[in-house]
Amino acid sequence: MIDTLLEPFAEFAFMRRALVGSLAISMTAPPIGVFLVLRRMSLMGDAMGHAILPGAAIGYLLAGLSLFAMSLGGFAAGLAVAVAAGLVARSQIIREDASLAGFYLLALALGVFMVSVHGTNVDLLHVLFGSVLAVDDTALLLVASIATVSLITLAVIYRPLVLECFDPHFLRSVSRWSSPTHLIFLVLVVLNLVAGFQALGTLMAVGIMLLPAVSSRFWVNSAGGMIMLAVAVAFISSVAGLLVSYHYSVPTGPTVILACGVFYLFSMLAGVRGGALWGLIPRRHLEA
Amino acid sequence: MKTLSPAISFENLTLGYDRHPAVHHISGDVHQGALLAIVGSNGAGKSTLLKAMVGELRPLSGRINFHGHGKREIAYLPQVVDIDRSFPISVFDCVAMGLWHEIGASGGLDLGCIERVAAALDAVHLTELAGRAVGALSGGQFQRVLFARLLLQDAKIILLDEPFRAVDARTITDLIGLIERWHAEGRTIVAVLHDIDVVRRYFPETLLLARKVLAWGRTPDVLTPVNLELSRRFHEGYDEQAAVCEHDEARETA
């Protein structure tokens, strides 16, 4: 039993690197996801995640399989979608969710188009679904740097960010933090998506950000608690995903996200705050 | 009363969104220590005026003079509908944000701060609910939370946007008690209100708004049947094809 759990990591350097990479992502993406969920911006995260694909593809076409170029392209494209969404939100003709859906369909189509015209199918799969098992030292360094920067930044803007979600008008009445906080947060979202796509691929990077965050809302009633639980869920899902994919030779990225999905479904059913099953059990009401 | 120095002055102020004005050419002073109600029908520009006073909305033309009062001397109570009450934050944490000007974005709460938050909660009778999430509170309880936060802000100018919306009579009485306490302490209070009876009973001065000033002065002089009828007949004058305003001083618009 212990062997099944430890042997892959003890034996293979690529598994150890994959483990470190996905744990680093698990530490930084879920806290960002918690605020995406609390700000009702989940769909926004989704759209930005999809925008990474054509961006990374442009980087790939210009510079080949260069980590730096693809990350930079992805980063630029993610920010572009954030800015475009912000502009569209001002025109009140189309609802924000509709415009975001539009953006991400467009981005996905453009990305797949570009990669398939100029690359091979293997490249496409690599960018779409990542290749956590092929994470090299450079990628690891990038992911770890992003994790460090975003955790420190999140700690600095934590209080204004909570207020920006909860009571933005109050925040604007007491300080000038409001707009900078929003912008910094958007940058953090894109950075984390870029970090995630190295390992999990552009389609799956949003998963590790959002699924643990959504699951945690079913268990705890504070932003801090949600962050801790979401990180824990992402940690466990990463390890479980890596092991399952190793032993059964299935793709790693989707397996990690499916593990997160199991937590999500379980939380939806059994979560102590609004889980579906609790409504089915007849319990007598309390005195007060 | 007229000899008192002004706390806030509107200088030919025009406010609006996308060049369409919501409030036209307002001029006048709110004197120091005033207890002023802003009244008017829906769309009359009441909240817009308050937002401009908080600094959230840039005037289309004209300006607001605060006579040296900075951001930390102005406290603002937003409309409850603009607050996300499903956010998982405790009553204590929410009230403690009233200390923003002391603790800022990253300062901690020392023992003295914690005691002051507790005292503010006590003043609005919410001590037992300190650990609750704000989402679990009733409308009246939540409004008390926001008033406790205002207490901690300890501001010279207090701006309230519909403070009694969806609040029961007993809570209104309690909150009015706090407002009268602030008034007695010489703070300047401006409140957007709907309930004419509350205004008549507790607010000595009223500004009746219908996208421009209909009347402004002592409440009994302002809330006359004639003025109220004028206010009722006003309806939102938003016009897609509106021409450029030719009012004399409006030309300075950038």
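What follows draws every value from the coordinates through simple rules; no lab data is involved. From a predicted model like this one, the values you see are computed outputs, not experimental measurements. Quick reminder, even Gly has a Cβ in these numbers, built from the backbone with ideal geometry, and neighbours come from all protein chains shown.
Protection proxy ranking, highest mean first, for peptides B:132-139, B:101-108, A:27-34: A:27-34, B:132-139, B:101-108, where packing is the per-residue count of other beta-carbon atoms within 10 Å, averaged.
DSSP assigns beta bridges within the protein assembly as shown; of those with both partners inside it, close to 50 percent run antiparallel.
Using only atoms on other chains, find how many Cβ atoms lie within 10 Å of each Cβ of peptide B:149-156 and report the average. Each step should come with its number before you reach the end.
On the way: counts 2, 0, 0, 0, 3, 0, 2, 0.
For peptide B:149-156, the averaged partner shielding equals 1.
Please sort through the DSSP H helices of chain B and keep those with an alpha-carbon extent of at least 15 Å along the long axis and a Kyte-Doolittle average not below -0.5. It would help to have the intermediate numbers written out before the result.
Numbers: long enough: B:111-123 (18 Å, 1.08); B:139-153 (22 Å, 0.43); B:169-184 (22 Å, 0.17).
Helix filter hits for chain B: B:111-123, B:139-153, B:169-184.
Take the Cβ-Cβ distance between A:ILE236 and B:HIS20 as r, set R0 to 41 Å, and report the resulting FRET efficiency rounded to the nearest 0.05. According to the calculation, E is roughly 0.15. Normalised Debye scattering of the protein assembly as shown at q = 0.08, 0.13 Å⁻¹ gives log10 I(q)/I(0) of -0.65, -1.23, counting only Cα atoms as equal scatterers and leaving out solvent.
Counting 0.36 nm for each residue step from A:PHE113 to A:VAL83 and taking away their Cα separation leaves a gain of 8.5 nm.
Peptide B:71-78 shows a mean partner chain C-beta count of 3 within 10 Å per residue C-beta. Based on the alpha-carbon gyration tensor of the range B:96-223 and its eigenvalue square roots a ≥ b ≥ c, which shape applies: rounded if a/c is under 1.5, prolate if not and a/b is larger than b/c, or oblate? In terms of gyration-tensor shape, prolate. For q values of 0.07, 0.13, 0.15, 0.17 Å⁻¹, compute log₁₀ I(q)/I(0) with the Debye formula on a Cα-only model of chain A, without solvent. Debye curve over Cα of chain A, log10 I(q)/I(0) at q = 0.07, 0.13, 0.15, 0.17 Å⁻¹: -0.27, -0.90, -1.15, -1.39. Rounded to the nearest 500, the helix-only mean residue ellipticity at 222 nm of chain A stands at -28000 deg cm²/dmol, with each DSSP H run of n ≥ 4 adding -39,500 (n - 2.57). For the protein assembly as shown, a simple Cβ point-charge model (Lys and Arg +1, Asp and Glu -1, everything else neutral) yields a dipole of about 480 debye relative to the Cα centre. Placing unit charges on each Cβ (+1 for Lys and Arg, -1 for Asp and Glu) gives chain B a dipole about its Cα centre, and among B:VAL30, B:ALA119, B:ASN12 the Cα reaching farthest toward its positive end belongs to B:VAL30.
Treat chain B as a sphere of radius equal to its Kirkwood radius over Cα pairs and apply Stokes-Einstein at 20 °C in a medium of 1.002 mPa s; give the translational diffusion coefficient in µm²/s, rounded to a whole number. Value of D from the Cα-based Kirkwood radius: 111 µm²/s.
Could you compute the FRET efficiency for A:ALA101 and B:GLU229, with r as their C-beta to C-beta distance and R0 at 41 Å, rounded to 0.05?
Numbers: r = 49 Å, r/R0 = 1.19.
So, using R0 = 41 Å, E works out to roughly 0.25.
Rounded to the nearest 0.05, the FRET efficiency derived from the C-beta distance between A:ALA10 and A:LEU125 at R0 = 25 Å is 0.30. The mean number of partner chain beta-carbon atoms within 10 angstrom of a residue's beta-carbon across peptide B:94-104 is 3.
The charge dipole of chain B, taken about its Cα centre with unit charges on the Cβ of Lys, Arg, Asp and Glu (plus for the first two, minus for the last two), comes to roughly 220 debye. With a cut-off of 9 Å between beta carbons, the residues surrounding B:ALA191 carry a summed charge of -2, where Lys and Arg count +1 and Asp and Glu -1. Here the label points at B:SER27 and B:GLU115, each 7 Å from Cα along the C-beta direction, are separated by 5.1 nm in the simple model. Between A:SER222 and B:ARG165, the distance separating the two model label sites (each 7 Å from Cα on the Cα→Cβ line) works out to 3.0 nm. Using the Cα centre as the reference, give the magnitude of the dipole from point charges on the C-beta atoms of the range A:2-272 (Lys, Arg: +1; Asp, Glu: -1; all else neutral), rounded to the nearest 20 debye. In debye, rounded to 20, the range A:2-272 gives about 780.
In this simple spin-label model, placing a label point 7 Å from the Cα along the Cα-to-Cβ direction at both A:HIS285 and B:THR127 gives a separation of 2.9 nm.
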